[in-house]
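Reviewing the structure listed below.
The values are calculated or read from the model by the stated rules, or taken from the named source; none is laboratory data. Being a predicted model, the structure only gives us computed values, none of them experimental. Using ideal geometry, Cβ is built from the backbone for each residue, glycine included, and neighbour counts are taken over all protein chains shown. For accessibility, only protein heavy atoms count, side chains too; no ligands or nucleic acids. Shrake-Rupley method; radii C 1.70, N 1.55, O 1.52, S 1.80 Å.
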Amino acid sequence: MTGVKSFSVSGYGPERPRWTRLFARDSVTRRLDWPILLAALALSTIGSLLVYSATRNRTTINQGDPHYFLVRHLMNLGIGFVLMTGTIWLGHRALRNAVPVLYGLSLLGVLLVLTPLGATINGNRNWIVLGGGFSLQPSEFVKVSIILGMAMLLSAQVDTGDRTYPDSRTVIQALGLAAVPIMVVMMMPDLGSTMVMTVTILGVLLASGASNRWVFGLLAVGVGGAVAVWQLHLLDQYQINRFAAFADPNLDPSGVGYNTNQARIAIGSGGLTGQGLFHGAQTTGQFVPEQQTDFVFTVAGEELGFVGAGLIIALIGVILWRACRIARESTELYSTIVAGGIVAWFSFQSFENIGMALGIMPVAGIPLPFVSYGGSSMFAVWVAVGLLQSIKVQRPLQA
């Protein structure tokens, strides 16, 4: 056949037209995990609509521009997609060699928050204001560096064939690596991020095949630490108030209990199919605080109803299911740990965010992955998607 250039894909049959290279069995495009990618894009798209609905009438924060937050949310999504693409291009194995640098940069970021460069927002001193309306939350990137750092240490001897599972010394080193940035985050204080990181560490240990005594021991230390923090009055008053409002939803309904009460009213009023996008009474009336970030799920519940809220949960479930499959089918422990850590991170953060909107979890101030407004969170979760895709792409083809 003339006029059509062809090429040979080594090991996969005779010459094929050049345009088929994009869809060849060994191409990156074909080997991507499309359910994860499409589910993440769908969540981010839904999030854009919810963020716009929650902020278009809030003139006190949108600087008089109803599209202010929507434009920035889409910009964050675009940057996040670029970061995902770059992560796939570099590959999780190449990033393994850069873990010390990435860990050092993330630790430096959270340390800078404790300097005059840090800013306090909603009681948490966990932001660095960059100017021009932009800010950075370094604790979001710590989640990625903890997963990569612990995976590098825990898998080193196993992937070389020297051991069948991480020994106690290696586990202690990995826990020490994770403990340093967590202690800094606790000093901010950022209780929500600390909770997510702790559960992520548990997920990493489970995925590594380390002895169960480390998992149970870490759980015991966590419970003991929580009791000690409470008894020694190390929590800030606003954090104590949040737990008090969770224990008693009717406590001070116009004060500490206001957020959770309004959130449940918004979700409950949505019914099966919701009041219609941009037509939610609670959202339009601006009754729910921080609705574009921590309580974005209330917009879905009110305006899209049980069906729309259920769709968000189902899409998150697709990402978790495919990530679990990637972890299970990986041929090296390092990849298994990375994927397992991401599963723990996404699952707990989603459960906590949705749970606090429903009133079944205490308010901790953490975003809903892919949906909530926030650049740092959006960048971090898309880097995590890039890591999952890299593991899938670089996995050896089945014969």
Exercise for the section: With respect to residue 355, determine if the residue is part of a helix (DSSP H, G or I) and open to solvent by 10 Å² or more (accessible area, probe 1.4 Å). Expected result: no
Handout entry: Only one of 298, 273 that is touching a residue at least 12 places away in the same chain (Cβ under 8 Å) and open to solvent by less than 30 Å² (accessible area, probe 1.4 Å)
Key = 298
Handout entry: region 148-192, residues that are within 16 Å of residue 215 (Cα to Cα) and among the β-branched types (Val, Ile, Thr)
Key = 170, 171, 172
Handout entry: Unique residue being assigned to a helix (DSSP H, G or I) and open to solvent by 10 Å² or more (accessible area, probe 1.4 Å) when the list is 165, 103
Key = 103
Exercise for the section: Could you identify the single residue in 204, 158, 184, 180 that is part of a helix (DSSP H, G or I), surrounded by fewer than 17 Cβ atoms within 10 Å (Cβ to Cβ), touching a helix residue (DSSP H, G or I) at 6+ places or on another chain (Cβ under 9 Å) and among the aliphatic types (A, V, I, L, M)? Expected result: 180
Problem - Residue among 82, 110, 51 that alone is open to solvent by 50 Å² or more (accessible area, probe 1.4 Å) and assigned to a helix (DSSP H, G or I) - result: 82
Practice task
Output yes when any residue across region 212-224 is of a type in the set (Val, Ile, Thr), open to solvent by less than 10 Å² (accessible area, probe 1.4 Å) and part of a helix (DSSP H, G or I), and no when none is.
Solution key: no
Fill in the blank from the handout: Note on region 127-172: residues at pLDDT 90 or above and of a type in the set (Val, Ile, Thr) are 142, 144, 146, 147, 170, 171, 172
Practice task
Output yes when any residue across region 126-133 is open to solvent by less than 70 Å² (accessible area, probe 1.4 Å), assigned to a strand (DSSP E or B) and among the aromatic types (Phe, Trp, Tyr), and no when none is.
Solution key: yes
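Taking residue 335, is it assigned to a helix (DSSP H, G or I), touching a helix residue (DSSP H, G or I) at 6+ places or on another chain (Cβ under 6 Å) and either farther than 26 Å from residue 194 by Cα or without any contact (Cβ under 8 Å) to a residue 40 or more places away in the chain (or both)?
no
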Practice task
Output the number of the condition that residue 373 fails; it satisfies all remaining conditions of (1) open to solvent by 10 Å² or more (accessible area, probe 1.4 Å); (2) under 24 Å from residue 52 (Cα atoms); (3) not in a loop (DSSP other than H, G, I, E, B).
Solution key: (3)
